[in-house]
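Asks: To start, I am sharing the structure in question, which I have written as structure tokens.
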Amino acid sequence: MAEETPILKCALYYAEKLGWCVIPLPHGQKKARIRWKRFQTERPDKEQLQRWFGRGQHNMAVVLGPVSGGLCCRDFDDCGQYERWAAAHPDLAKLLPTCRTAKGFHVYFLGTVDRVRILHKGELRGTGGYCMVPPSVHPAGPVYEWIIRPTAENLLVLDPTLAGFVPNGELVTEQTENTEKPEQTEHTEQTEAMVWGGDVETAIQGTLPREFGTRNRKVFELARSLKSLPQFADADPRELREIVQEWHKRALPKIRTKEFEESWIDFLQAWPRVRYVKGTEPMMQTFRRAVEGDRPQIAVTKYPENEKLQILVSLCRELQRAAGEQPFYLSTRTAGRLLSSSHTEAARWFFLLESDGILEVKAKGGTRENPRNATRFRYLGD
């Protein structure tokens, strides 16, 4: 049986209490000593962690993205920049997991960030990257330490722009320093060094197709996302040609139509058809109310240490208010996406809420009686 070294205890805490995927690094180094591509989609089990960290000295990194529950990191390389952010967002600065590094701070949150982006005096890290975590030792000598220790309660689902991590309009570039060439993901290999910054980059990345046959729908989502930005709300769509060209170039590996003109025609036709712009459609408005409002007392009482479950109960309450006397629709995929979790985990949460008498299922989704994918619920809490 492996000795419970201090770093093994930390690894087990990260993995078992937080759901993080951690990998070993050589002591005093940043570069992974293993081929870690598989660990971008699957977490090592306890036995593997014991083999890695049970003896000797090691550094450790957490793999960011869906494999760690949607974990993201804002790396502040400059202490002054971190202090300015903390002064502008004191509530987040007092709550979010924060690590002191050799030069500045790492601030962790949950969200959707593709790849690793260089910002002014720092980085925004997400899927395809990793971060060294305490009690690792920086190559220059300083030991990483938690200023605010991560828990299941203080890992919040955030929009990085709204949280102040990405200044609007700031140009960002690809960062591949912490990703070995053989381990690079599809996105890190196919894009150029300079990419669109801020909200435009988020709109492009968030609407790229992941499978064949979705180009038309994804083009519509791109139009919806861009129209939600204040600078484009009243724009002539012909002014956005360069953005659509960039989207088309990145989408090429997943679309059969190679000619840009086909995507451009779809975009021009989609623009006037956008009814609800991205971020203002009813579900997103309802989710914001659920996140920002007071949690239902029944959720706080029953799930005092589970922030995501509390938000889910709050979301169901808001959906029921909007539906009045009628049942409301909510699919496991939508719930999982909003809470940065899998639809399988969301299905388990729905089962728990039904068992605890908080939700009543009125019609299962995907059945003959209710062919829609979303299940119809009635909220019974409070």
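Read the figures in this text as sums done on the coordinates, not as results from a lab. Every value quoted in this text rests on a predicted model; they were computed, and no experiment measured them. With ideal geometry, Cβ positions are generated from the backbone for all residues, glycine too; neighbour counts draw on all protein chains shown.
Asks: I'd like the distance between the alpha-carbon centres of the stretch 74-88 and the stretch 211-253, rounded to an integer number of Å.
Replies: So the separation of the two Cα centres works out to 32 Å.
Asks: Would you mind putting 222-228, 108-114 in packing order, based on average other-beta-carbon counts within 10 Å, highest first? Provide the component values of the computation, followed by the final result.
Replies: On the way: 222-228: 23.7, 108-114: 21.3.
In descending order of packing, they fall as 222-228, 108-114.
Asks: What percentages make up the Cα-Cα pair-distance distribution of the stretch 45-137 when the bins are 10 Å wide from 0?
Replies: Values per bin, smallest distances first: 16, 43, 31, 9, 1.
Asks: Moving to a separate point now. In whole Hz and in residue order, list the ³J(HN,Hα) couplings for the stretch 118-134 that follow from phi through the Karplus curve 6.51 cos²θ - 1.76 cosθ + 1.60, θ = phi - 60°; x for Gly and Pro.
Replies: Calculated HN-Hα couplings, in order: 7, 10, 5, 6, x, 9, 10, 10, x, 3, x, x, 9, 10, 5, 10, x Hz.
Asks: Which of the pairs 308/364; 218/308; 94/227; 218/249 have their Cα atoms more than 25 Å apart in this structure?
Replies: 218/308; 94/227
Asks: Per residue and in Å³, how big is the convex hull formed by the alpha-carbon atoms of the stretch 6-174?
Replies: Here the figure is 104 Å³ per residue.
Asks: Provide the packing ranking of 155-163, 319-327, i.e. peptides ordered by the mean count of other C-beta atoms within 10 Å per residue, highest first.
Replies: Values: 155-163: 17.9, 319-327: 13.6.
Sorting 155-163, 319-327 by mean packing, highest first, produces 155-163, 319-327.
Asks: So what are the ³J(HN,Hα) numbers for the stretch 74-85, from phi and the Karplus equation (6.51, -1.76, 1.60; θ = phi - 60°), rounded to whole Hz, Gly and Pro as x?
Replies: Taking θ as phi minus 60°, the curve returns 9, 9, 9, 7, 10, 4, x, 5, 4, 5, 5, 5 Hz for the stretch 74-85.
Asks: When the convex hull of the Cα atoms of the stretch 10-65 is projected onto a plane and the area is averaged over all directions, what value comes out in nm²?
Replies: Details: hull surface 14.6 nm².
Computing the convex hull of the Cα atoms and averaging its projections yields 3.6 nm².
Asks: Between residue 13 and residue 214, what is the label-to-label distance in nm when each label sits 7 Å out along the Cα-to-Cβ direction?
Replies: The two pseudo-label positions are separated by 3.7 nm.
Asks: If you don't mind, there's one more thing I want to ask. Counting only other residues whose beta carbon sits under 15 Å from that of residue 137, what net charge do I get with K and R as +1, D and E as -1?
Replies: Once all neighbours under 15 Å are counted, the net charge is +4.
Asks: Given 0.36 nm per residue, what is the gain on full extension from residue 238 to residue 30 after removing their alpha carbon distance, in nm?
Replies: Working: separation 208, 0.36 × 208 = 74.88 nm, distance 4.56 nm.
So the extension gain works out to 70.3 nm.
Asks: Treat the count of other C-beta atoms within 10 Å as a stand-in for reagent exposure and order 355, 331 from fewest to most.
Replies: The order, fewest Cβ neighbours first, is 355, 331.
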